[in-house]
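Colleague: Input: one structure, supplied below.
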Amino acid sequence: MESLFDAINIRDLLSAQDLSDRNSPLSAPDLRLLIDRVESHSLQIRSQVQSYLASHHDDFASLFSLCNEAVSQTIQVSDDLTGVLRLVSERPADVEVREVVEEMKTKSEELKVKRELLGLVGIIVNLNQRLESVKEALKNGKFQFAAKWLKELKVALRIGDEDDREPLVYGLLRKEWSQCFEEIQEVLVKFMDKAVRFDGDLNQVEVKYHLEVHNLSGIQLQMVLEAMEVVGILEYGLAKVADLMIKYVIIPFINRGQPLSFLDESNQDSAVLKIVPTSDSKLEYLDGELLYSGIVLFIRFIYRSICFQNSSWIRCFGRLTWPRISELIISSFLSKVVPTDASKLPDFQKIIKCTSDFETALKELMFISSDDKDNRLSSFAENVEVHFAFKKKTEILAKARNLLLECDFSIPQEYTRDGSIWKNDETSDLSSSHVVDLLFSSERCLVSKAAKQLMELIHQTLQDVCLSSTRVALEFYNAARDAILLYEVVVPVKLERQLGSFNQVAVLMHNDCLYLSQEILGFAFEYRADFPSSMKEHAVFADLAPRFQLLAEEILQRQVHLVIYNLKEAIDSADGFQNTHQMQQFESAKFSIDQVVFILEKVHIIWEPFLLPSTYRKSMCTVLESVFSRISREILLLDDIAADETLQLQRLIHLMLKSLSSLFESLATGDPNLHEFTAEFLEDLIPSLRKIRKLSELLDMPLKSITASWENKELLSCGFTTMEVEDFIKAIFADSPLRKDCLRRIQNTSF
């Protein structure tokens with residue numbers, strides 16, 4: 001049979017010559033021959049298959065029978081499985097088992113919850129019974145038991161550690177506990193109020209050991225304190241007693257002008273502390289011994305009579321009172337006995353020793369802790385140098401402030417213009433109270449009394465810096481700097497109104513700032529070498545000097561601007577100096593010139609006696625330059641000037657310059673290099689003066705002369721421009737061939 005299934009090879013069905021060429025197609029006869037041979041071969045295969053099946057008929061029958069049995073068994077198993085499934089679906093045993101298991105689990109959980117609830121109910125009943133016991137103990141005065149149970153209930157009820165998931169009944173129990181706590185707190189505080197009584201008339205404190213409140217009697221003070229400690233309200237219960245002790249005992253004892261002492265009278269039922277005057281009324285708390293011994297006696301009374309020698313109770317009382325007692329001692333005693341003179345600092349050592357012994361005694365009584373944080377008095381006393389320096393610093397600043405506030409910055413009559421001879425050497429003694437020498441200049445200037453006294457105070461402070469220890473020197477150094485800065489802070493505010501106007505006070509303040517700046521620069525040369533070595537690198541004053549230099553310049557420039565503004569308004573009233581050939585316009589222009597002269601003379605009177613010659617010259621030249629340049633510009637802007645008008649304008653200029661002759665002479669005062677006062681000197685100081693003088697000449701100068709003056713650069717040297725000369729010629733001279741020629745020559749001139 002295997003040969004039947006072999007592959008049929010077409011080549012075997014054709015003749016050999018037909019396959020000689022692989023690429024040539026088969027012919028029709030070949031194809032018919034091929035088909036016939038394939039059909040013949042197919043019939044042969046079919047015959048062989050039938051023969052094979054016939055010979056193996058029994059084998060195939062056995063095989064088909066076996067397959068039929070397998071199919072029958074499969075159907076039977078399927079029917080059996082279907083029956084089982086039908087049986088299971090009709091009677092679900094597993095569901096019943098599951099339901100029984102779940103029911104058992106539910107019952108077990110319910111039983112567990114009920115047991116827990118039963119236990120919780122038992123706990124709640126127990127807590128409630130204990131709360132009722134607390135209330136009953138309070139009614140019967142058994143405060144110790146009530147306090148103990150209340151403390152235990154606080155833990156059981158988790159007071160302060162509440163949980164939102166807790167049963168509601170816990171909130172009710174906590175409310176009951178709070179009510180009990182408030183009740184016991186109120187009762188115990190009432191007993192404390194009854195126990196300690198203050199009598200202001202008799203100046204005494206009485207402590208009762210056996211107490212009675214309402215229906216409760218025979219209650220002992222010690223039992224009350226023990227109950228407060230257990231409950232945790234000891235500090236609260238003693239707070240009022242501590243406040244009253246401070247008010248009625250400590251404050252009168254410390255603040256009393258004459259020393260007092262305490263008288264302790266005790267028995268089994270009570271203890272009394274009386275405040276009595278000392279036998280010697282002349283004694284004072286000079287070294288602190290009497291003061292400290294009295295306070296120790298008071299603390300011992302508290303320790304024995306109120307705290308019953310219990311260390312935790314006296315410590316609690318100390319925490320409530322010691323901060324205030326120490327502050328009172330510092331403010332009312334120690335700070336007042338701090339020496340005001342460095343030579344007395346060694347005498348303060350006795351007070352330091354007494355203070356240290358006092359705190360040691362308090363530590364032995366356990367009134368204060370052994371930590372350094374409670375050594376408030378010793379720390380203050382041992383730092384006496386710092387307190388001394390701080391006290392001196394406060395005094396220095398207070399004195400500096402008073403100097404500046406009390407000074408009215410007025411100028412004595414002898415230092416006004418009539419008495420200006422103070423600048424001469426022969427009057428130096430007379431003027432020494434207001435006149436100072438500038439360190440970095442050969443000049444002298446007038447300053448206010450406040451500035452001079454302030455600088456004397458600062459010099460004295462810096463001398464103390466050189467003689468003091470480092471800590472004290474540092475405070476003095478800061479005091480000196482702060483005192484200097486006080487001038488910058490106080491005086492400008494005090495003189496704000498005067499600085500907004502033109503007056504002598506502003507000039508005086510300018511001199512003050514100039515004087516202070518130069519003195520500040522001199523501190524380093526005068527004192528730095530004698531400063532404590534640790535301060536030499538850090539103590540500087542040079543940063544302050546520029547502040548006062550800038551302030552001086554600011555004040556001066558403000559005054560200059562005020563003067564220029566007033567002069568501008570005066571010149572504006574001349575209406576541009578137009579039509580001065582008319583009488584009304586001439587009078588108006590003349591009045592304007594008179595106003596200008598008046599203002600300049602006022603400036604002269606105020607500035608010359610007080611400003612340094614160089615500063616006066618510079619400032620006055622700035623003002624005059626603005627005046628002359630403005631008047632020259634106004635005249636040169638006139639577009640039509642009549643012949644009579646030129647004469648009037650020239651007259652006004654001559655009148656102004658003549659009126660200012662004394663002012664011009666003052667500009668040469670104080671210049672050591674000037675041996676002879678000349679017009680050229682003034683014109684070099686005030687360039688516009690040369691221009692206005694030349695303008696006065698041009699007003700009556702012929703046209704050719706004006707042209708010649710331009711060509712020889714004379715007008716150019718006086719500050720005239722080509723446009724100004726052309727406009728001036730057009731305003732004065734009528735149009736003519738000569739004017740055109742002169743204008744052409746001026747335009748063609750190149751420099």
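The values are calculated or read from the model by the stated rules, or taken from the named source; none is laboratory data. Predicted, not measured: the structure shown is a model, and the values here were computed from it. Please note: Cβ atoms are built from the backbone with ideal geometry, for glycine as well, and neighbour counts cover all protein chains shown. Quick note on the areas: whole protein, heavy atoms, side chains included, nothing else; ligands and nucleic acids left out. Shrake-Rupley method; radii C 1.70, N 1.55, O 1.52, S 1.80 Å.
Colleague: So, restricting to helices (runs of 4 or more DSSP H) that lie completely within segment 219-276, which ones have at least 3 residues that are out of contact with any helix residue (DSSP H, G or I) (no Cβ under 9 Å at 6 or more places or on another chain)?
Modeller: So the answer is none; nothing clears 3.
Colleague: Within segment 550-560, is even one residue in contact with a Phe, Trp or Tyr (Cβ under 7 Å, 6 or more places away or on another chain), part of a helix (DSSP H, G or I) and not aliphatic (A, V, I, L, M)?
Modeller: Yes, that holds for at least one residue.
Colleague: Now a separate question. Would you mind telling me which numbered condition in (1) modelled with pLDDT of 90 or more; (2) open to solvent by less than 10 Å² (accessible area, probe 1.4 Å) residue 553 fails?
Modeller: (2)
Colleague: Just a yes or no: is a residue in segment 634-642 surrounded by fewer than 21 Cβ atoms within 10 Å (Cβ to Cβ) and without any contact (Cβ under 8 Å) to a residue 24 or more places away in the chain?
Modeller: no
Colleague: Looking only at segment 606-633, count every residue that is hydroxyl-bearing (Ser, Thr, Tyr) and open to solvent by 30 Å² or more (accessible area, probe 1.4 Å) and tell me the total.
Modeller: Final tally of qualifying residues: 4.
Colleague: Let me ask another. Scan segment 600-615 and report the pairs whose first residue is farther than 12 Å from residue 660 by Cα and whose second residue is among the small types (Gly, Ala, Ser) and in a helix (DSSP H, G or I), with Cβ atoms within less than 6 Å and a gap of 6+ or a chain change.
Modeller: 608/666; 609/420
Colleague: Okay, moving on. So is residue 89 small (Gly, Ala, Ser), modelled with pLDDT of 80 or more, open to solvent by less than 90 Å² (accessible area, probe 1.4 Å) and on the phi < 0 side of the Ramachandran plot or not?
Modeller: So residue 89 does not fit the description; no.
Colleague: Also, I was wondering about something else. Restricting to segment 187-213, count the residues that are within 15 Å of residue 142 (Cα to Cα) and not in a helix (DSSP H, G or I).
Modeller: 4
Colleague: Counting only residues that are of a type in the set (Ser, Thr, Tyr), open to solvent by less than 50 Å² (accessible area, probe 1.4 Å) and part of a helix (DSSP H, G or I), how many does segment 357-399 have?
Modeller: 1
Colleague: If you don't mind, there's one more thing I want to ask. In segment 516-539, is there at least one residue being under 32 Å from the mean Cα position of the chain (by Cα), closer than 30 Å to residue 661 by Cα and crowded, with 21+ Cβ neighbours inside 10 Å?
Modeller: no
Colleague: Name the single residue that is farthest from the chain's Cα centre (by Cα) among those in segment 707-716 being surrounded by 16 or more Cβ atoms within 10 Å (Cβ to Cβ) and without any contact (Cβ under 8 Å) to a residue 24 or more places away in the chain.
Modeller: 709
Colleague: Determine the pairs where a residue that is over 22 Å from residue 265 (Cβ atoms), located within segment 303-318, has a partner that is open to solvent by 50 Å² or more (accessible area, probe 1.4 Å) with Cβ atoms under 6 Å apart, the partner being 6 or more residues away or on another chain.
Modeller: Pairs that qualify, where the first residue is over 22 Å from residue 265 (Cβ atoms) and the partner is open to solvent by 50 Å² or more (accessible area, probe 1.4 Å), are 311/366; 315/366; 316/235.
Colleague: Take residue 298 and decide whether it is in contact with a helix residue (DSSP H, G or I) (Cβ under 7 Å, 6 or more places away or on another chain), at pLDDT 85 or above, of a type in the set (Phe, Trp, Tyr) and open to solvent by less than 50 Å² (accessible area, probe 1.4 Å).
Modeller: Spelling it out, residue 298 is indeed in contact with a helix residue (DSSP H, G or I) (Cβ under 7 Å, 6 or more places away or on another chain), at pLDDT 85 or above, of a type in the set (Phe, Trp, Tyr) and open to solvent by less than 50 Å² (accessible area, probe 1.4 Å).
Colleague: Could you pull out the residue among 169, 213, 230 that is within 49 Å of the chain's Cα centre (by Cα), modelled with pLDDT under 80 and either within 24 Å of residue 271 (Cβ to Cβ) or aliphatic (A, V, I, L, M) (or both)?
Modeller: Within the list 169, 213, 230, the selection yields 230.
Colleague: Can you give me the number of residues within segment 688-706 that are buried (at least 22 other Cβ atoms within 10 Å of the Cβ) and of a type in the set (S, T, N, Q)?
Modeller: So the answer is 1.
Colleague: I need the full set of residues from segment 25-54 which are open to solvent by less than 80 Å² (accessible area, probe 1.4 Å) and not hydrophobic (A, V, I, L, M, F, W, C), in order please.
Modeller: Scanning segment 25-54 gives 27, 29, 30, 40, 41, 42, 47, 48, 51.
Colleague: Search segment 738-751 for residues that are in contact (Cβ under 8 Å) with a residue 40 or more places away in the chain and assigned to a loop (DSSP other than H, G, I, E, B) and pair each with any residue that is β-branched (Val, Ile, Thr) and surrounded by 15 or more Cβ atoms within 10 Å (Cβ to Cβ) when their beta-carbon atoms are under 7 Å apart and the residues are at least 6 apart or on different chains.
Modeller: Taking only residues 6 or more apart or on different chains, not a single pair turns up.
Colleague: Hey, another quick one. When the residues of segment 723-732 are narrowed to those that are surrounded by 15 or more Cβ atoms within 10 Å (Cβ to Cβ) and without any contact (Cβ under 8 Å) to a residue 40 or more places away in the chain, which ends up nearest to residue 642 (Cα to Cα)?
Modeller: 729
Colleague: Residues being open to solvent by less than 30 Å² (accessible area, probe 1.4 Å), more than 39 Å from the chain's Cα centre (by Cα) and not hydroxyl-bearing (Ser, Thr, Tyr): count how many of those fall in segment 302-339.
Modeller: The total comes to 5.
Colleague: Another question, if that's okay. Which of the numbered conditions does residue 506 fail, given that it passes all the others? Conditions: (1) more than 34 Å from the chain's Cα centre (by Cα); (2) modelled with pLDDT of 90 or more; (3) surrounded by fewer than 20 Cβ atoms within 10 Å (Cβ to Cβ).
Modeller: For residue 506, the failing item is (3).
Colleague: Inside segment 459-475, can you point out the residues that are touching a residue at least 60 places away in the same chain (Cβ under 8 Å) and open to solvent by 70 Å² or more (accessible area, probe 1.4 Å)?
Modeller: Selection gives 463, 467, 471, 474.
Colleague: Now a separate question. Would you confirm, using the coordinates I've provided, whether residue 599 is within 54 Å of the chain's Cα centre (by Cα) and either open to solvent by less than 60 Å² (accessible area, probe 1.4 Å) or not small (Gly, Ala, Ser) (or both)?
Modeller: Against the criterion (within 54 Å of the chain's Cα centre (by Cα) and either open to solvent by less than 60 Å² (accessible area, probe 1.4 Å) or not small (Gly, Ala, Ser) (or both)), residue 599 qualifies.
Colleague: Check residue 503 against each of (1) touching a Cys at 6+ places or on another chain (Cβ under 8 Å); (2) closer than 27 Å to residue 446 by Cβ and name the one condition it does not meet.
Modeller: Among (1) touching a Cys at 6+ places or on another chain (Cβ under 8 Å); (2) closer than 27 Å to residue 446 by Cβ, the lone unmet condition for residue 503 is (1).
Colleague: Out of 282, 336, which single residue is at pLDDT 80 or above, outside any helix (DSSP H, G or I), farther than 23 Å from residue 239 by Cα and of a type outside the set (A, V, I, L, M)?
Modeller: Going through 282, 336 in turn, the sole match is 336.
Colleague: Could you please find all residues in segment 572-592 being aliphatic (A, V, I, L, M) and either assigned to a loop (DSSP other than H, G, I, E, B) or crowded, with 20+ Cβ neighbours inside 10 Å (or both)?
Modeller: 574, 589
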